[in-house]
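Before any comments, here is the structure.
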Amino acid sequence: MATGSAAGKAILLGEHAVVYGRPAIAVPLSDLRATAEVCAAAGGDGVCIRALDLGKEYDLAERYADPAAEALQATVRNALAYLGVDATAGGLAITVRSRIPVARGLGSGTAVATAVVRALAQHHGRQLPAPVVSDLVFRTEVILHGAPSGVDNTVVAYERPVWFRRGRAPELLALDGDALVLAIADTGVPANTREAVAAVGARHAADPEGIEARFDAIGALAEAGRAALRGGDMARLGDLMTQNHEHLRALGVSTPALDGIVGAALAAGALGAKLSGGGRGGCAIALTTTTTRDAVAAAMGAAGAVQVHVTEVHTGGARCGVPPPTARIGAPC
Ligand code: MEV
């Protein structure tokens with residue numbers, strides 16, 4: 001049996017502005033993973049895809065009125081085409097599992113697609129380099145999100161903290177200092193990235209100058225964040241994240257629930273906090289320290305988060321097989 005695995009992600013700085021060409025910083029969440037298994041199906045033809053967490057099973061040759069099915073089918077077709085394999089020859093059974101909450105801005109669809117690509121490559125005796133995996137998964141992102149920047153497929157495929165700018169090669173960031181300690185709080189409200197990007201697009205269309213200026217300001221925060229990471233200045237990074245949240249609020253993608261959780265995290269001693277991803281639901285993240293993380297996570301829970309997951313992001317990002325230390329309140333986010 002061939003297997004593939006991929007991490008979730010969080011955006012530290014720059015979401016939405018990154019769609020319009022500004023830089024963003026994203027990190028992998030290596031202890032929240034999706035996995036895919038590929039087996040030759042005994043005596044069968046065609047490809048069967050089982051999404052265990054969704055309780056769904058799809059045939060590659062069928063049509064479904066379900067975006068998740070469409071995304072999975074396209075991922076498999078694109079990967080097989082890249083590998084030069086006829087999708088109709090022989091039988092394949094693909095099983096997908098994920099610990100990443102769906103529709104919370106944590107890259108669950110991206111990670112599932114990445115795991116599927118990796119498992120299919122391994123099944124055919126190949127190991128694909130990160131840029132190839134990223135490009136293949138970008139095509140799935142287009143189906144899932146409409147007009148993605150490419151930051152999600154990039155950080156998930158490289159599984160390293162990345163400095164990302166649309167249309168340019170990503171810069172892999174070496175975190176010069178301690179690990180980043182993040183508390184990730186789930187509002188329990190599904191976040192639809194496509195709709196959030198469209199809502200920001202509508203504001204941009206109504207006030208191009210004002211929104212471009214805001215995107216510039218967010219891009220400047222990402223620039224400053226790269227310098228802070230290089231210098232290991234976590235206090236500065238946290239402050240930049242909090243400033244970024246204010247811009248996201250002004251763009252209309254925060255919610256009272258996200259604002260309440262961010263405020264509670266800051267009051268409990270977080271270095272910084274913001275919504276992460278498309279917003280209008282989903283998760284807020286707080287940058288904490290090993291000393292404050294439990295208090296911050298508890299405060300985020302008390303402010304209404306349905307789950308809080310505490311994780312560490314290390315320089316290398318990926319620690320496959322060696323999950324980073326975690327402390328949890330309730331179930332993982
Ligand atoms: C989604 O994780 C981040 C957004 O900036 C969309 C994108 O970059 O494609 C909201």
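The values are calculated or read from the model by the stated rules, or taken from the named source; none is laboratory data. Quantities reported herein were computed from a predicted structural model and do not represent experimental measurements. All Cβ positions, glycine included, derive from the backbone under ideal geometry; neighbour counts span all protein chains shown. These area figures cover heavy atoms from the full protein model, side chains too; ligands, DNA and RNA do not enter into them. Shrake-Rupley method; radii C 1.70, N 1.55, O 1.52, S 1.80 Å.
Residue-by-condition table, conditions (1) open to solvent by 60 Å² or more (accessible area, probe 1.4 Å); (2) without any contact (Cβ under 8 Å) to a residue 60 or more places away in the chain; (3) among the basic types (Lys, Arg):
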{"residue": "Asp207", "(1), (2), (3)": "yes, yes, no"}
{"residue": "Ala227", "(1), (2), (3)": "yes, yes, no"}
{"residue": "Arg236", "(1), (2), (3)": "yes, yes, yes"}
{"residue": "Leu240", "(1), (2), (3)": "no, no, no"}
{"residue": "Ile261", "(1), (2), (3)": "no, no, no"}
{"residue": "Ala267", "(1), (2), (3)": "yes, yes, no"}
{"residue": "Ala273", "(1), (2), (3)": "no, yes, no"}
{"residue": "Ser276", "(1), (2), (3)": "no, no, no"}
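Go through (1) at pLDDT below 95; (2) closer than 18 Å to Gly107 by Cβ; (3) within 16 Å of the ligand (Cβ to nearest atom); (4) not polar (S, T, N, Q) and name the single condition Ile184 misses.
(1)
Return yes or no: is Arg165 at pLDDT 95 or above, out of contact with any Lys or Arg (no Cβ under 9 Å at 6 or more places or on another chain) and open to solvent by 20 Å² or more (accessible area, probe 1.4 Å)?
Numbers: at pLDDT 95 or above: yes; out of contact with any Lys or Arg (no Cβ under 9 Å at 6 or more places or on another chain): no; open to solvent by 20 Å² or more (accessible area, probe 1.4 Å): yes.
No, not satisfied.
Looking at Ile143 and the list (1) closer than 20 Å to Arg77 by Cα; (2) open to solvent by 40 Å² or more (accessible area, probe 1.4 Å); (3) part of a loop (DSSP other than H, G, I, E, B), which single condition is not satisfied?
Tallying (1) closer than 20 Å to Arg77 by Cα; (2) open to solvent by 40 Å² or more (accessible area, probe 1.4 Å); (3) part of a loop (DSSP other than H, G, I, E, B), Ile143 fails exactly one: (3).
Count, please, the residues in the stretch 143-153 that happen to be at pLDDT 95 or above and more than 10 Å from the ligand (Cβ to nearest atom). Walk me through it before giving the result.
As a first pass, look at the stretch 143-153 and keep what is at pLDDT 95 or above: 148-153.
From the residues that got through so far, the ones that are more than 10 Å from the ligand (Cβ to nearest atom) too are none.
The total comes to 0.
Can you pull out the residues in the stretch 13-60 that are at positive phi and open to solvent by 30 Å² or more (accessible area, probe 1.4 Å)?
Going residue by residue through the stretch 13-60, those that are at positive phi are 14, 16, 21, 43, 46, 55.
Answer for the stretch 13-60, where residues must be at positive phi and open to solvent by 30 Å² or more (accessible area, probe 1.4 Å): Gly43, Gly55.
Between Gly105, Gly44, which is within 16 Å of the ligand (Cβ to nearest atom) and assigned to a loop (DSSP other than H, G, I, E, B)? Give the derivation first.
Numbers: Gly44 fails: within 16 Å of the ligand (Cβ to nearest atom).
Checking each option against the conditions leaves just Gly105.
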